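Engineer: Structure incoming, see below.
The values are calculated or read from the model by the stated rules, or taken from the named source; none is laboratory data. No experiment lies behind these values; they were computed from the predicted model shown. Methodologically, a virtual Cβ is constructed for each residue, glycine included, from the backbone with ideal geometry; neighbour enumeration extends over all protein chains shown.
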Amino acid sequence: MRAKSSVWRAWVDTLKAIAADKGVLLLIVIAPVIYGFFYPWPYAAQAVTRVPVAVVDLDHSSLSRQITRLAQASPRIDVRMVIGDEHQAQHALWRGEIEGYALLPRDLKRDVLRGSLAVVTVEANGSYALLNKAVLSGFAEAVGTVSAGVEIKKLQASGQSAPQAQAGRNPISTQMVALFNPTEGYGSYVVPAVALLIIQQTLLMGVAMLVGLWAETDRHRADAATWLGRILGFSSIGYLSGLLYFGWIFWAQDFPRGANTRGGLVLLAFYMPSICTLGALLGVWFGNRERALQVLLFTALPMAFVSGFSWPAEALPEMLQTLRWLFPSTAGIQASLRLNQMGAPLADVAGYLLILAALSTSAGGLLLWVARPAKS
Amino acid sequence: MGVLQAFATSARREAAWLKRSRWDLAMISWVPLLAVALLWWTFSAGLPNRLPIGVLDQDHSAFSRQLIRFMQATPGLQVVRSYDNSTEVTQAMRRAEVYAVVSIPPDFARSLKQGRAAQVTLLHNAQLGTHSSLIQRDVQSAVGTLSVGVELAARNKRGEPALATLVSMEPIKTSLVTLFNPSLNYEQFLAAALIPALLHILAMTAGAWTVGRELRDRSVADWLGPHASWGSTATALLGKLLCPWLGLSMVGTLAMIWLTLGRGWHPPGSLAWVLLALWTFLALSLAMGALASSATRSLRTALSATGFITAPAFAFGGVGFPLQSMPVLARGWAELLPYTHYIRLQMEQFQMAVPLNYSATSLMMLALVATIFILLCAPLLNRCAGRPDTWGGR
């Protein structure tokens with residue numbers, strides 16, 4: 001009975017302490033809301049279209065003009081200039097005015113008519129992956145369309161029917177079907193994963209800041225029931241920001257969402273306590289209010305790239321493949337993508353929930369020991 | 001107090017503090033070094049290999065088996081599972097047990113033998129963007145290899161000579177050249193871009209911390225001395241930021257040298273120019289932190305501002321998602337961030353071999369803004385030093 005009431009009291013006290021501390025309030029209540037709109041902002045367009053390019057036309061034939069026209073019609077690229085000098089294109093590339101160009105060689109048409117090989121070179125800027133892809137595929141489609149037209153005409157001339165000629169030209173085609181994130185938008189790939197990291201970092205820093213202040217002023221020591229109440233208090237606020245993302249921000253930004261709503265709710269119940277116990281443990285260790293920010297601000301970047309959503313976990317060094325589970329975000333992101341975006345049943349993410357539970361209990365046990373009540 | 005003396009006294013005072021404060025010294029020395037090493041280590045494989053995919057072979061023909069062999073032989077792919085029906089496929093994809101499944105239709109071999117077009121379907125998981133685009137590329141090239149083989153065989157049967165066949169199959173060949181970083185090596189591309197982004201966060205944090213600590217601990221008047229002038233305060237600030245700047249620049253220099261020369265990569269541009277820009281960029285980041293603390297007079301608020309400005313700087317920097325595709329206002333914000341300009345310069349040297357004069361302006365701008373920020377801090381700090389009632393804000 002006494003333990004129960006001290007859990008309850010600690011829960012209320014923690015919420016009051018959060019409300020009274022504008023620094024902590026800013027971090028764990030306001031920052032998640034702001035980031036929810038600020039972070040997806042650059043990706044609003046989702047796709048890369050109309051990348052500026054140039055066509056270097058050295059042939060000046062009807063065929064080269066046909067390729068140029070088709071390139072101009074491509075939604076991926078935007079032909080800013082048609083020029084007769086490759087150097088000019090190179091300089092425009094350096095100045096960042098264009099991201100790539102196609103070189104239509106002299107005698108392009110003559111070679112094609114004579115049946116000898118003609119090569120159109122497309123040069124794109126590989127330092128930027130998405131721009132590179134848009135330029136290469138935009139030009140490849142334009143040239144490919146013209147090329148196919150030439151070949152089909154030749155095959156038809158040799159007596160094949162149009163569909164036969166079409167099939168003979170490319171006997172096996174590949175149909176690409178995106179099973180999840182069907183629009184293949186950039187934002188809807190990055191943000192649902194980073195959301196879990198934003199929730200973790202704001203909560204982790206907020207909890208470590210408040211507990212750090214308690215430790216600085218030696219108010220942190222408490223019994224198990226009180227610590228349980230405190231962790232539940234922090235987790236309650238975290239749970240709300242989790243709901244904010246899963247329920248509202250994913251919807252407002254029109255990302256894939258809600259594929260397994262109930263599973264998402266269960267995940268949050270495992271995710272928040274693991275973050276909060278870790279945060280409290282760090283706070284006790286720091287023993288200083290501002291230290292949490294100083295030490296934790298930069299950690300989001302490495303955590304994002306070991307979590308496995310953008311950089312495949314298969315490519316991580318073996319030791320890192322194990323160590324990365326120490327961050328709640330790794331299991332949180334993996335489980336959330338499966339539940340919210342891919343619609344996996346809860347049983348499929350049980351392993352991740354288990355990892356989160358193990359993090360909570362081990363960090364919690366350590367916390368109870370280092371922040372045990374002083375012997376009176 | 002002379003200007004030079006203000007610099008030396010302040011630098012000595014900071015060095016003495018760092019000797020006593022384990023945490024503060026760690027945050028400008030071994031912690032950044034460890035974090036940078038972790039980032040490099042993450043991407044040290046360069047290119048992901050053997051991503052797990054599955055197949056749903058409904059044909060069981062020599063052609064379908066050959067396609068599977070081709071895929072297995074592609075270094076980027078690893079065929080780990082074979083499924084019997086689409087229910088199994090859906091479950092495996094949901095679990096992300098495989099990142100893609102290649103489905104081969106029942107009449108695959110028959111269509112090909114009869115000269116009709118056949119189609120394989122690649123189900124991929126676009127929720128994992130990098131995985132899915134690498135797999136799409138590799139599966140397409142495996143299918144392409146088989147397709148060309150089938151077409152060549154068919155034409156040879158009709159009696160066309162091999163060379164003429166190759167030309168007439170594709171009268172205009174597109175030669176796709178990715179200038180700069182042609183293999184899309186992620187170590188050279190992503191790790192090299194992320195390390196400065198990480199140091200940017202650490203440097204602004206250090207700038208905010210170094211100055212904000214004096215305000216929080218009510219020692220600002222003690223630091224600046226009794227007769228602080230604009231000039232003496234500005235130089236005292238420079239002296240104070242010297243140690244963090246040296247520490248972080250050293251880490252950055254080591255990281256860049258390791259990534260390039262240490263890994264046998266000789267970037268086409270100038271490494272020295274990149275290092276000069278990196279040192280300037282870190283000086284600016286420190287000045288931004290110092291200005292945040294001087295203006296808000298609260299270490300905690302300055303650190304929150306640091307998080308807001310520097311943590312998403314990579315997302316706005318145009319490396320992952322290009323600047324030109326951002327909404328106008330987001331692009332405007334991106335252009336205000338120094339990381340955006342620094343990383344463009346680094347890409348130009350590490351990847352594109354752009355002549356130095358193309359980026360001289362952005363380097364000068366970084367230095368100019370850093371100087372202005374330091375000069376702006378001085379009057380703010382002097383005013384603060386004269387008002388003990390504003391000290392100690394948390």
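Engineer: Given (1) under 23 Å from the mean Cα position of the chain (by Cα); (2) modelled with pLDDT of 90 or more, identify the lone condition not met by B:T121.
Structural biologist: Of the numbered conditions (1) under 23 Å from the mean Cα position of the chain (by Cα); (2) modelled with pLDDT of 90 or more, the odd one out for B:T121 is (1).
Engineer: With B:S21, B:S103, B:S29, B:S86 as the choices, which residue is under 30 Å from B:L241 (Cβ atoms) and either in contact with a Leu (Cβ under 6 Å, 6 or more places away or on another chain) or surrounded by fewer than 16 Cβ atoms within 10 Å (Cβ to Cβ) (or both)? It would help to see each step written out before you state the result.
Structural biologist: On the way: B:S103 fails: under 30 Å from B:L241 (Cβ atoms); B:S29 fails: either in contact with a Leu (Cβ under 6 Å, 6 or more places away or on another chain) or surrounded by fewer than 16 Cβ atoms within 10 Å (Cβ to Cβ) (or both); B:S86 fails: under 30 Å from B:L241 (Cβ atoms).
Unique residue meeting the criteria: B:S21.
Engineer: Follow-up question, since we're still on this one. Condition check: surrounded by fewer than 23 Cβ atoms within 10 Å (Cβ to Cβ) and farther than 30 Å from B:A26 by Cα. Does A:P345 satisfy that?
Structural biologist: Answer is yes for this residue.
Engineer: Under the condition of being among the β-branched types (V, I, T) and within 9 Å of chain A (Cβ to nearest Cβ), which residue from region B:187-206 is nearest to the chain's Cα centre (by Cα)?
Structural biologist: The qualifying residue nearest to the chain's Cα centre (by Cα) is B:I201.
Engineer: Consider A:G351 carefully, then state whether it is among the small types (G, A, S) and at pLDDT 95 or above.
Structural biologist: yes
Engineer: Further question: Could you say whether any residue in region A:228-249 is within 14 Å of another protein chain (Cβ to nearest Cβ) and either in a helix (DSSP H, G or I) or closer than 17 Å to A:T202 by Cα (or both)?
Structural biologist: Taking every residue of region A:228-249 in turn, none turns out to be within 14 Å of another protein chain (Cβ to nearest Cβ) and either in a helix (DSSP H, G or I) or closer than 17 Å to A:T202 by Cα (or both).
Engineer: Sticking with this one: So which residues in region A:63-106 are among the acidic types (D, E) and closer than 13 Å to A:E123 by Cα, if there are any at all?
Structural biologist: A:E86, A:E99
Engineer: Can I ask one more? A:V284 is checked against (1) buried (at least 22 other Cβ atoms within 10 Å of the Cβ); (2) within 30 Å of A:R221 (Cα to Cα); (3) β-branched (V, I, T) and fails just one. What number does that condition carry?
Structural biologist: Condition (1) is where A:V284 drops out.
Engineer: If you scan region B:120-144, which residues turn out to be free of Cβ contacts under 8 Å to residues at least 12 places away in the same chain and either more than 7 Å from chain A (Cβ to nearest Cβ) or part of a strand (DSSP E or B) (or both)?
Structural biologist: Matches in region B:120-144: B:S133, B:G144.
Engineer: Mind listing whichever residues of region B:323-361 are more than 8 Å from chain A (Cβ to nearest Cβ), farther than 13 Å from B:A277 by Cβ and small (G, A, S)?
Structural biologist: B:G332, B:A353, listed by residue number.
Engineer: Follow-up. I'd like the residue in region A:30-44 that is buried (at least 17 other Cβ atoms within 10 Å of the Cβ) and at the interface with chain B (Cβ under 10 Å from one of its Cβ atoms) and, out of all such residues, is farthest from A:Y101 (Cα to Cα). Before the answer, list the steps.
Structural biologist: Quick first cut of region A:30-44, residues buried (at least 17 other Cβ atoms within 10 Å of the Cβ) only: A:31-32, A:35-36, A:38-43.
Cutting the leftovers down to at the interface with chain B (Cβ under 10 Å from one of its Cβ atoms) gives us A:31, A:35, A:38-43.
Details: A:A31: 43, A:Y35: 37, A:F38: 34, A:Y39: 32, A:P40: 30, A:W41: 29, A:P42: 26, A:Y43: 25 Å.
Ranking the candidates gives A:A31 first.
Engineer: Another one. Against the definition (closer than 30 Å to A:S188 by Cα and surrounded by 18 or more Cβ atoms within 10 Å (Cβ to Cβ)), how does A:V48 come out, yes or no?
Structural biologist: yes
Engineer: Can you tell me which condition B:S21 does not meet? The list is (1) farther than 30 Å from B:L259 by Cα; (2) touching a residue at least 60 places away in the same chain (Cβ under 8 Å); (3) within 12 Å of chain A (Cβ to nearest Cβ); (4) of a type in the set (S, T, Y), and all the others hold.
Structural biologist: With respect to (1) farther than 30 Å from B:L259 by Cα; (2) touching a residue at least 60 places away in the same chain (Cβ under 8 Å); (3) within 12 Å of chain A (Cβ to nearest Cβ); (4) of a type in the set (S, T, Y), B:S21 is out only on (2).
Engineer: Would you check which residues across region A:1-48 are of a type in the set (S, T, N, Q) and in a helix (DSSP H, G or I) and list them?
Structural biologist: A:S5, A:S6, A:T14
Engineer: Which one of these does B:G262 not meet: (1) under 27 Å from A:N132 (Cα atoms); (2) at pLDDT below 95; (3) not basic (K, R)?
Structural biologist: Failing condition for B:G262: (1).
Engineer: In addition: Quick check on B:S111: is it surrounded by 15 or more Cβ atoms within 10 Å (Cβ to Cβ), within 11 Å of chain A (Cβ to nearest Cβ) and not in a strand (DSSP E or B)?
Structural biologist: Yes, satisfied.
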